[in-house]
1. Highest mean first, how do 19-32, 358-371 rank when packing is the count of other Cβ atoms within 10 Å averaged over residues?
2. Nearest 20 debye, what's the magnitude of the dipole of the range 60-183 about its Cα centre given +1 on Lys and Arg Cβ and -1 on Asp and Glu Cβ?
3. Could the peptides 437-446, 274-283, 494-503, 159-168 be put in order, highest first, of the mean number of other beta-carbon atoms found within 10 Å of their residues?
4. Arrange the peptides 211-218, 530-537 so that the one whose residues have, on average, the most other Cβ atoms within 10 Å appears first.
5. Could you tell me what % of all Cα pairs in the range 175-294 have separations over 25 Å?
6. For the range 486-565, which GluC sites (Glu not before Pro) are both in a DSSP coil and crowded by at most 14 other Cβ atoms within 10 Å?
7. Of all the accessible heavy-atom surface of the chain, with the other protein chains kept in place and a 1.4 Å probe, what percent is carbon and sulfur?
8. Before I look further, what does the chain give for accessible area per residue, probe 1.4 Å, in whole square angstrom?
Amino acid sequence: MTAPAAPTKTPLQRAKDAQQARADKPDLKLTHKMMQDDHWADGAGWSGPLPEIDGTRDGATNVARITAQIQRGFVSRNLPENVVTRHVYGIAGREPLLGISTRRKLTDAQKPSAEEQARLTEYWDAYQEWWDNAGAWLVVQQALKTAVWSGKGTLRLFVPRSKLQDVQGPNGPAKGVPGGLTLAQALGFISVHAPEWDQAGVIRDTDRRVTGAYYRYADELGQEHWELQKRGTFRDAAGTEVKGTKVTANATGADTDPADLYPVSDLLLFEVSLDPLIKESIRRLSKFGNKTLTMGSRNIDLGGFVERTILNAQMPGEWIKDNTALDGRRFIPKPYNVGAGVTNFLSGTAILVPDPKDPKRMIPSGNFANPSINYKDPVGWSTFGDTFEAVRQAVFEEARQLHVLITGDAMANGISRVQAVQDFITSLEPTRMALEQLLRWLIGTVLALGLHFTGRRAEWEAFKATAQARVSVVQPTPEQIKRANEMRDARRISYKMWCSLVGIEEPEAEQAALAAEPITQDVALVILEKAPAWVGLRALSIAFPALKISEEDIAAQREADLGGA
């Protein structure tokens, strides 16, 4: 007799389990609060001492009062957000180089056919318009930032219900994308957004392959809903088998949940997976730095309001009868006056001795202690300032961003700066690969959806998306620019290498812009000095029309320069 098969979870249950497992991680919750500039985080961000309830009647009240005082004086610096933003903008600070090409390989001498070129132009123009109108680049940066600090970030494509129109479907009237649209118009139905860190993700099978995705959202009344996506082979309304992605916008777990089928090869949700930049070491360093700043702020208060300790002095007040007290009386203190122009008279406390008649009772001996006042100087601010700077350096070192500190360090040499910048660029490499993969998915899926809406889905099979991220780390120093100019003048480096060293991003565009500019008089004089005479004469004719240098004059000089005259 065989054992019954173990019950399998529904896709909705698997989605809820995956979302709950991520949302319940305390380290991610704390990091998210830090990224939102909430470093107190309900006390989780404070690493200093806290009072404990001692069991007395007012113990809980005292604990709450002291904790509130610590929170009120809490000072923070957002070091985690600082290093995350720098990392993201180091690889996604500038718009990437995007493109579309044919899948068939072309040699250097080959060009796309006329039909292919027409489609490439149509696809790119439509996508560029969608990219700008949807604000896609800002959304991509947001998803990438979430992935950098938390390890996972998602980008989701969807068709808002509010954009759908009345159409005639296979089973009668329905809501959908109308026909007869251009590609650019069809792309206008597609929206993109980056869900929060705990809202969305992918679902994997036992072999760790991505089979679906989920997105948890709430409506205007706060009611929770789940969107599920599944990739596979399905039957459309006509009964034909179609490979694509099925999207259930409001999944309840039932097989009869209404769903939309999109014949695209990828899910409409992409998950960027990275090694999180904010690990426990940076979290602890951040809390240490905030504690240091908080203690420094408290120290300033102590420096402005000097702490004094009065020894062996009787507090101002009076004794009253109290039958509940040990000796039948109780001391009631009065305010101690402080401030400019105030004079106080303090007497020493009475020295008590046992009563000869009742040894358990203490009576004044007639002698008094010598009173004194001690003033306590606060700790110097440098203790806290130096400590915080050490913490800040440790955070930048953990994030491989020491070049930020070295840039302002006059003692560091050029080699140290170069090595620190190179270390930072190396740390960006995994993020670069993930970003380019995300961008290729975005271009391909958006165009595939748009072509599906226009009834031309099969066209995309002959094309592919390309993407190249552009690193943006630091601007070259004047010394580096001077050195690059010297190497270029000595013909030791190429024009493109020189452009990269001095910060020119697109050498070809710069050359085209220079060629389109008219020759100024200053430039003409430089050409006259360094170029052949006939070239200098040509430059003079353009820059100084009043000289009336003719084409015959230039031709004659050229003949002379070439030895023909």
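The values are calculated or read from the model by the stated rules, or taken from the named source; none is laboratory data. These numbers were taken from a predicted model, which means no experiment stands behind them. Glycine also receives a Cβ, built like all others from the backbone with ideal geometry; neighbour counts cover every protein chain displayed. Calculation scope for accessible area: heavy atoms of the full protein, side chains included, ligands and nucleic acids excluded. Shrake-Rupley method; radii C 1.70, N 1.55, O 1.52, S 1.80 Å.
1. Sorting 19-32, 358-371 by mean packing, highest first, produces 19-32, 358-371.
2. Values: 16 positive and 10 negative charges, 160 e Å.
Dipole about the Cα centre, nearest 20: 780 debye.
3. 437-446, 274-283, 494-503, 159-168
4. For the peptides 211-218, 530-537, the packing ranking is 211-218, 530-537.
5. That fraction is 44 percent.
6. On the way: sites: Glu486, Glu505, Glu508, Glu510, Glu529, Glu551, Glu552, Glu559; in loops: Glu505.
Hits after loop and neighbour filter: Glu505.
7. 53 percent
8. Counting only protein heavy atoms, the per-residue value for the chain is 61 Å².
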